[in-house]
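Q: One structure, pasted below without further comment.
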Amino acid sequence: MSAQRSIRDAAASAGKLPADVTTFVGRKNELAEAKRLLSNARLVTLTGFGGVGKTRLALRLAQESRRAFPGGVRLVSLAALAEPELVTSAVAEALGVRDQSARPPMEALIEHLQDRRLLLVLDNCEHLVDAVGVLIGTLLRAAPNLKVIATSRAHLNVHGEHVFVVPPLSVPDEDTLESGRAVLTEFEAIRLLVDRAAAAGYPVSDDNLHDLARLCRRLDGIPLAIELAAVRLKTLSAQEILRRLSDRFRLLTGGDPRVVPSYHQTLRATVDWSYALCSHAEHTLWARLSVFAGSFDVDAAEAVCAGGGFVADDVLDLLASLTEQSILTVDRSRSPARYTLVDTLREYGQERLDELGDTTRMWQRHRVYYENLVVDASTTWYSSKEIELLTLLKADLPNIRALMDRCLNEPGAEVSAITVAIALTRVRFWFFHGTIGEGRMWLRRSHDQISAGHLELRRVALACAAWLALCQGEHRDADTIRGAYRELGPGVENGFAEAVVCFAEGIRRWLVDAHPDAVALQLQARDRFLRLGAHGDAYMADLFATMAAGFLTDRDTALPASEDLLKKAEASGGIWSISWAWWAAGFARLRFGNRQRATRMLRDALSQQQAIGDQWGPVWSVEALAWAAAAMGEFEYAAWLFGAADQMRKLTGAVMSGLRTFAEQRAEAERLVRSALTPQQYSAAYRQGSLLTWDEALNLALHRQVPDPRRAAPRSTSSAGATLSRRETEIAKLIAEGLSNPDIASKLVISARTVEKHVSNILTKIGLNNRQQVAAWVATPGNFPATGTT
Ligand SMILES: Nc1ncnc2c1ncn2[C@@H]1O[C@H](COP(=O)(O)OP(=O)(O)OP(=O)(O)O)[C@@H](O)[C@H]1O
Ligand SMILES: [Mg+2]
């Protein structure tokens, strides 16, 4: 991660532009024209038929324009996304806005984009035109420096959209076909074919160059058609390919030389030809692979697609040969390697599968495979396979989403959807990857859809949803959900639902009521889970019991419990589990034991979380390290860490005020720090912390390393305004004008709750306690930057 990016930009590798895997050819004129459009417009849509090169052109355009966008360039590929309601979350995910709060993802997105000069590339929007149109319209209005490049086979119909129709690559006309090498290789289509011919080991000479040129012309310069034909140069000469393809085109035109096939027909004929050259087993596999959404690995392909023509052992060879024929692409940098069907060819595969009448059976196999995968993970994650499983589920999320979505639209299949949504929660997938809001959405959708008679499943889903809401600090939502599961009455005696309900009740008792009997409730839940053989769930109950004991009980309860938990976690071998056990042990030491030791333990937790790329735990480790620093009298360091932790938490969206036990701990530590520092010292240190990148914040918390000497010296308060977002600046000014929160809400047309959040952010950011101080601060010359106050 670049050291220049702030914590708010901490989106690991999500949304980055991919490196070219094959040579990019030509498009000089198109790039110049598209750049011109982009410099004048805020939305440029590259349209054109499938395979013409929209995606490649968009990526190149973004790459070459990136200097104009200091806020970064982000790619969101929508090809595998079926549900319009997930478009906003997909964009948020690619931008690293992992908002865990229940507020709409759009609000978090707007806040993130509002002040940034960022370029967003939305690839393959055609199947989601309406949802994407609404999203882009809203974002462009809210974020004045945002620009968007979209690729879509159809226009998006958004106000201000500039459409650029991507033409095929240039080809010579009939008269130019016989020209010399220098002339011919000026044509982009020929350059592409020559490049791919060389890759196929086909010697290009002055003699066969004319055949290649003719072939390009025959293929109308369509890049995908050229890629597919080039593959055949391994076994056929250009002339032979030309002859075979010509036969196919004659079929298209009914033998009438005056009829010119459309680009679509040309591509279709080339794809038909590629298909015809595949073996029977390759046909079957190509068709069957079209059930995958996004990428898949060999295990999934074997399990879902084998049978009726080839066995699982043949799948690997067949995948290799489809890859060689440019029908599949493979990403070997991942382990296991992941394969993807080229978009247009996936649609072709779907048609073939429909013709074979095999679609329903394949969806069924796809469902069974992924349902088993997720359910198995939910019962086996508590082991050394924990991170491997979480990573695999992440890679398969498009497949898993497709499964849930399909099941929710297919009468009788809702049980699978709810089972998968529950299993993903049990595996703590939403926490690890920072998408709790999505988890709640699937639980809610599947609960609402399932027939009322499935009482046990409904209880489990509701209790899981309450768990997620509580961890977001959204206890009002959690109470509504709680009301719903209570209405269902008691669960089956000693059943799983009863255990999860007890677990959810325990979390509420801890985080909302701050009552020590939370510990007993969690221990009860743990024992119930253990009796059912649910070891991972039992560990979670144990972890929450231990954390609650640290916050709410005494030394004699908290310290031994944390030692015990640590032993259990270490025996399991799961790093995520161990990291939280260190956290719980560190926190118990902080309250009741040696603070130096507590700090070491919390740092152990943090370094493990860092190693596994956890998106949730580090927020709480940096926070607890700030409490430890405050307790040890390292006030300025603590204020830096507060700044860093708040910024990190903002990225995840958790609401501190809804997490009572944590909020109280924070308030106490903050009181200590504020009483030892002047308001200026506090706000300067806090601000420095909030400016750190994610990695810098971790380094500061782990090694007390202050990153950049330019930032190390606390700045004067006069630049404090720079840390307020545009919206916060606007609200600070309205506070200074004496407006109340409801007045501000109606003036800015936002909810009162949103205003409250902004006000609380303003107070923490500038290190003040009340609105009068904000008014005084706004009035102090130099505190506001000249710009950004609109
Ligand atoms: N300028 C280019 N240089 C090299 N290869 C290209 C170029 N343009 C397209 N290709 C290749 O042609 C194929 C199709 O291109 P691309 O995926 O960009 O098409 P598309 O218009 O986005 O199709 P779809 O509508 O199916 O998404 C890809 O294999 C791509 O790598
Ligand atoms: Mg595309």
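The values are calculated or read from the model by the stated rules, or taken from the named source; none is laboratory data. Not measured: the values here are computed from a predicted model. A quick note on method: Cβ atoms are made from the backbone with ideal geometry, for glycine too, and the neighbour counts reach across all protein chains shown. When the accessible area is computed, the model is the full protein with side chains, heavy atoms only, and any ligands, DNA or RNA have been set aside. Shrake-Rupley method; radii C 1.70, N 1.55, O 1.52, S 1.80 Å.
Q: Ordered by packing density, taken as the mean number of other Cβ atoms within 10 Å over each peptide's residues, highest first, how do 397-410, 751-764 rank?
A: For the peptides 397-410, 751-764, the packing ranking is 397-410, 751-764.
Q: Then there is this: Viscosity 1.306 mPa s, temperature 10 °C: Stokes-Einstein D of region 545-596 from its Kirkwood Cα radius, in µm² per second?
A: 149 µm²/s
Q: With N set to the residue count of region 610-708, report its C-alpha Rg divided by 2.2 N^0.38 Å to two decimal places.
A: Ratio of Cα Rg to 2.2 N^0.38 Å: 0.99.
Q: Which lysines, on any chain, are close to LYS747 with Cα under 19 Å apart, when same-chain ones fewer than 8 places away are left out?
A: Within the straight-line limit of under 19 Å, LYS747 reaches these lysines: LYS733, LYS757.
Q: Let me ask something else about it. Could you calculate the FRET efficiency of GLN705 with ARG332 from 1/(1 + (r/R0)^6), where r is the beta carbon distance between them and R0 is 45 Å, rounded to 0.05?
A: Taking R0 as 45 Å, the efficiency between GLN705 and ARG332 is 0.80.
Q: Now, a different point. Dividing the alpha-carbon Rg of region 7-165 by 2.2 N^0.38 Å yields what?
A: It is 0.97.
Q: Given ALA598, ALA90, VAL706, which one lies farthest toward the positive end of the charge dipole of the chain, if we put +1 on the Cβ of every Lys and Arg and -1 on the Cβ of every Asp and Glu?
A: VAL706
Q: How many nm separate the modelled label positions at ALA514 and VAL21, each set 7 Å beyond the Cα in the direction of the Cβ?
A: Placing both labels 7 Å beyond Cα along the Cβ direction yields 5.4 nm.
Q: Is the shape of region 174-253 rounded, prolate or oblate, going by the alpha carbon gyration tensor and its root eigenvalues a ≥ b ≥ c, with a/c under 1.5 for rounded and a/b larger than b/c for prolate?
A: oblate
Q: Using the alpha-carbon centroid of each, what span in Å lies between region 443-498 and region 503-572?
A: About 20 Å separates the Cα centre of region 443-498 from the one of region 503-572.
Q: Now for a separate question. Might you report the magnitude of the Cβ-based charge dipole of region 554-713 about its Cα centre, with Lys and Arg at +1 and Asp and Glu at -1, to the nearest 20 debye?
A: 220 debye
Q: Placing +1 at every Lys and Arg Cβ and -1 at every Asp and Glu Cβ, with all other atoms neutral, what dipole size does the chain have around its Cα centre, in debye to the nearest 20?
A: Dipole magnitude for the chain comes out near 2300 debye.
Q: Then there's this: How about LYS568: which lysines have a C-alpha closer than 21 Å to its C-alpha, ignoring those fewer than 8 places off in the same chain?
A: LYS385
Q: If you consider only alpha-carbon coordinates, what radius of gyration and Dmax does region 374-448 have, in Å?
A: 11.9, 38
Q: Which percent of the Cα-Cα distances in region 517-663 go past 27 Å?
A: Of all Cα-Cα distances in region 517-663, 19 percent exceed 27 Å.
Q: Here is a further query. Using modelled backbone amide H atoms (1.01 Å from N, in-plane), which distant-in-sequence or interchain residues come within less than 5 Å of LEU43's amide H?
A: VAL148, HIS162
Q: For an R0 of 56 angstrom, estimate the FRET efficiency from the Cβ-Cβ distance between LYS234 and LEU532 and round to the nearest 0.05.
A: 0.50
Q: Next question. Describe numerically, in nm with one decimal, the distance between label points set 7 Å from Cα along Cα→Cβ at GLU487 and at LEU356.
A: It is 4.6 nm.
Q: Also, I was wondering about something else. At a 1.4 Å probe, what is the % contribution of carbon and sulfur to the accessible area of the chain?
A: C and S atoms contribute 52 percent here.
Q: Sticking with this structure for a sec: Please name which of PHE429, TRP442, TYR485 has its Cα lying farthest along the dipole of region 389-489 towards the positive end, using unit charges on Cβ (Lys, Arg +1; Asp, Glu -1) and the Cα centre as origin.
A: Going by the Cα projections, it comes out as PHE429.
Q: Let me ask something additional. With the cut-off at 25 Å, tell me which of the pairs LYS147/LYS394; LYS28/LYS147; LYS147/LYS765; LYS35/LYS394 have Cα atoms farther apart than that.
A: LYS147/LYS394; LYS147/LYS765; LYS35/LYS394
Q: I'd like to know which of GLN647, ALA281, LEU393 lies farthest towards the positive end of the charge dipole of the chain, counting +1 on Cβ of Lys and Arg and -1 on Cβ of Asp and Glu.
A: GLN647
Q: Would you calculate, for the chain, the mean residue ellipticity at 222 nm contributed by helices, counting each DSSP H stretch of 4 or more residues as -39,500 (n - 2.57) and dividing by all residues, to the nearest 500?
A: It lands at -20000 deg cm²/dmol.
Q: Taking LYS16 as the anchor, which aspartates and glutamates have their alpha carbon closer than 18 Å to its alpha carbon, excluding any fewer than eight residues away along the same chain?
A: Candidates past the 8-residue exclusion: GLU64, GLU93, ASP123, ASP331, ASP695.
Q: Let me ask something else. Could you tell me the extents of the chain's C-alpha atoms along the three principal axes, largest first, rounded to whole Å?
A: Extents along the principal axes, in whole Å: 88, 67, 45.
Q: Using per-residue counts of other Cβ atoms within 10 Å, averaged over each peptide, order 141-151, 56-66, 165-175 from highest down.
A: 141-151, 56-66, 165-175
Q: Computed FRET efficiency, Cβ-Cβ of ALA200 and ARG117, R0 41 Å: what is it to the nearest 0.05?
A: FRET efficiency, ALA200 to ARG117: 0.45.
Q: By DSSP, what percent of the beta bridges with both residues in the chain are antiparallel, rounded to the nearest 5?
A: 20 percent
Q: Return one whole number: the accessible area per residue of the chain in Å², for a 1.4 Å probe.
A: 40 Å²
Q: Which length gain, in nm to one decimal place, applies between ALA276 and SER746 when the Cα-Cα distance is subtracted from 0.36 nm times their residue separation?
A: Contour length minus the Cα-Cα distance gives 162.8 nm.
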